[in-house]
Structures are given as structure tokens and as C-alpha cells.
Amino acid sequence: MIENVNPGFHSNIHLSAFDNYNIVYYKTDNQQRNQNGDFTMTKKRVTTDAPEFNNHPIQTDKDKGLRCDKKILKKIDETDAHARTNDRVMFMRYDVGAPAGYDDPSNDAFRSGQANFIKTLKRSGLSPRYVAVREQSREKLQHYHVCLWLDGRKTQSIYDHIAQANDSFASAFGVPDNNGLVDDCTEDKNGKPQENGIMLRKDDPDYQNKVAQTLEWASYLAKVNQKNTPPGTRELFSSRLTKKKKNDKKST
């Protein structure tokens with residue numbers, strides 16, 4: 001498990017193999033501040049470079065111009081809160097990259113693969129919730145970052161789920177199995193091992209710290225860099241969360 005993670009984007013943890021780290025920043029002459037002092041970007045993007053969001057750390061750096069999209073941060077927090085009505089939740093990450101030579105700029109293959117993967121998890125009774133984003137660098141095809149919350153009473157390891165995801169996306173993209181479309185996020189950008197799969201147990205004395213750590217990691221999806229989605233193309237995907245009635249009790 002992750003330990004001793006400093007708030008903000010300082011530890012360089014959990015970076016994706018699919019990303020280009022020569023970061024290109026938005027120019028200030030393309031930015032405008034709204035009445036709250038936040039920057040409003042294209043696609044009505046409202047971003048922040050604050051070190052925290054909703055009282056937990058996020059991966060921003062004001063000096064380096066690293067900002068996060070507040071709409072994506074909000075969706076992550078909503079999904080996390082919904083998932084953690086259970087007393088034990090496993091949080092994990094994975095990334096999906098389009099195969100070499102793939103020339104369809106739409107999200108159709110990703111959405112199909114993700115839908116089939118989620119159906120598999122539901123059939124296993126794992127109560128999956130997810131948030132995913134599309135990104136695209138100038139040098140690469142579109143790729144996707146995904147956060148996934150599962151019922152921690154029924155699973156403790158990411159590896160079967162990564163294998164299932166790879167099968168689903170291989171079928172959706174029309175390529176052979178074991179093709180490496182799915183990155184399991186167990187190595188950092190330098191190839192060094194990093195932990196994936198964080199168990200959140202409400203009886204754990206370190207529960208709140210681990211929740212903050214997972215939300216900091218998840219905020220990587222909200223980074224503004226590489227959100228170069230073509231106009232009219234969706235970049236944010238998530239589970240549909242059922243609204244709980246006031247008299248409904250939290251599941252345990």
C-alpha cells in the first residue's frame with residue numbers, strides 16, 4: 001500500500017505509461033478568470049491549481065502550471081463517496097491505449113470494451129463503479145485512464161480484473177488477446193514497481209489517510225494536460241450512480 005505520500009503533485013507516484021511527460025501548458029492569454037477566480041478553458045473547462053479539492057490533496061503544481069479540471073474532480077469524489085457506502089472497498093487504476101494503426105478517432109471501441117468489462121464485474125457481484133477520461137497527445141493515438149471501485153469483501157487482487165479488462169478491450173478493438181492494450185499501472189514512468197489496488201476498510205485506523213491517498217491518485221485523471229479531445233467528442237465517462245432515498249441505510 002502507499003505510505004507517506006505528500007499532499008499535491010510532489011511524489012511523482014502512479015504516473016501512466018501512456019503519457020508524454022514533455023508537458024505542454026495552456027498559455028495565459030487563452031485563459032480567463034471567472035468571478036470565483038478560477039480559470040475557464042475551452043469546452044467550458046473550469047480548472048484549479050489549488051493543492052486540495054474538497055479537503056483532500058490533488059495532483060497540481062502552481063509553479064509548473066499543472067492544473068486539474070474541477071468537473072472531473074467532482075465526478076471522482078461523487079463516485080468515491082457512493083462506492084464507500086460499503087465497509088470495504090478496493091480501489092484500483094488501469095489505462096487503455098488504442099492499438100498501433102488504429103485510425104478510428106471515436107470512443108466506440110473503448111465504450112464497448114468498458115461496458116463488457118463492467119458487465120463481467122457485475123455478474124461477479126463486485127458492485128463496480130468507475131470514472132474514465134480520454135486523453136490524446138500530439139504524438140499518440142487516444143488513450144484512456146480509468147479509476148475503478150469494487151466490493152472489497154469479494155476481491156483483494158487486481159490481476160484477474162486486469163486480465164478480464166484486456167480480453168474485453170481486445171475484442172472491442174478487434175485485436176488478439178494478450179496484446180498489452182491495458183496497462184495495470186503497477187510500474188511508474190521509469191519502470192519501477194508501484195502498488196496498485198488499495199483496500200479501504202472502515203475499521204482500519206489509517207482509513208482516512210488511505211482515502212485521501214486514493215483520491216490524490218485518482219485526481220491524475222483530472223489533469224488538464226493532454227485533454228486534446230476533438231470538438232464534439234466525449235472525454236469523461238462514469239458509472240450511473242443511483243440516488244439513495246433519505247431512509248435508505250448504508251450497506252455494510
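Full extension of the segment from residue 71 to residue 242, taken as 0.36 nm per residue of separation minus the current Cα-Cα distance, would add 59.7 nm. In order along segment 228-235, phi translates into HN-Hα couplings of 9, 5, x, x, x, 9, 6, 10 Hz, rounded to whole numbers, per the Karplus curve 6.51 cos²θ - 1.76 cosθ + 1.60 with θ = phi - 60° and x for Gly and Pro.
Placing unit charges on each Cβ (+1 for Lys and Arg, -1 for Asp and Glu) gives segment 174-215 a dipole about its Cα centre, and among 214, 176, 193 the Cα reaching farthest toward its positive end belongs to 214. Close amide-amide hydrogen proximity is noted between residue 223 and 69, each under 5 Å apart and 5 or more residues distant or on a separate chain (H modeled in the peptide plane; Pro and chain starts excluded).
Gain on full extension, evaluated as 0.36 nm per residue between residue 100 and residue 160 minus their Cα-Cα distance, stands at 19.1 nm. Explain nothing, just the number: relative contact order of segment 68-238, from Cα pairs under 8 Å at least 6 residues apart, as a whole percent. Taking the mean separation of contacting Cα pairs over the length of segment 68-238, I get 36 percent. Checking every one of the trypsin sites (Lys or Arg not before Pro) in segment 63-93 against DSSP loop status and a limit of 11 other Cβ atoms within 10 Å picks out 64.
Values in this text are rule-based calculations from the coordinates and carry no lab data. Please read all numbers here as calculations on a predicted model, not as lab measurements. Reconstructed Cβ throughout: ideal geometry from the backbone, glycine too, with neighbour counts over all protein chains shown.
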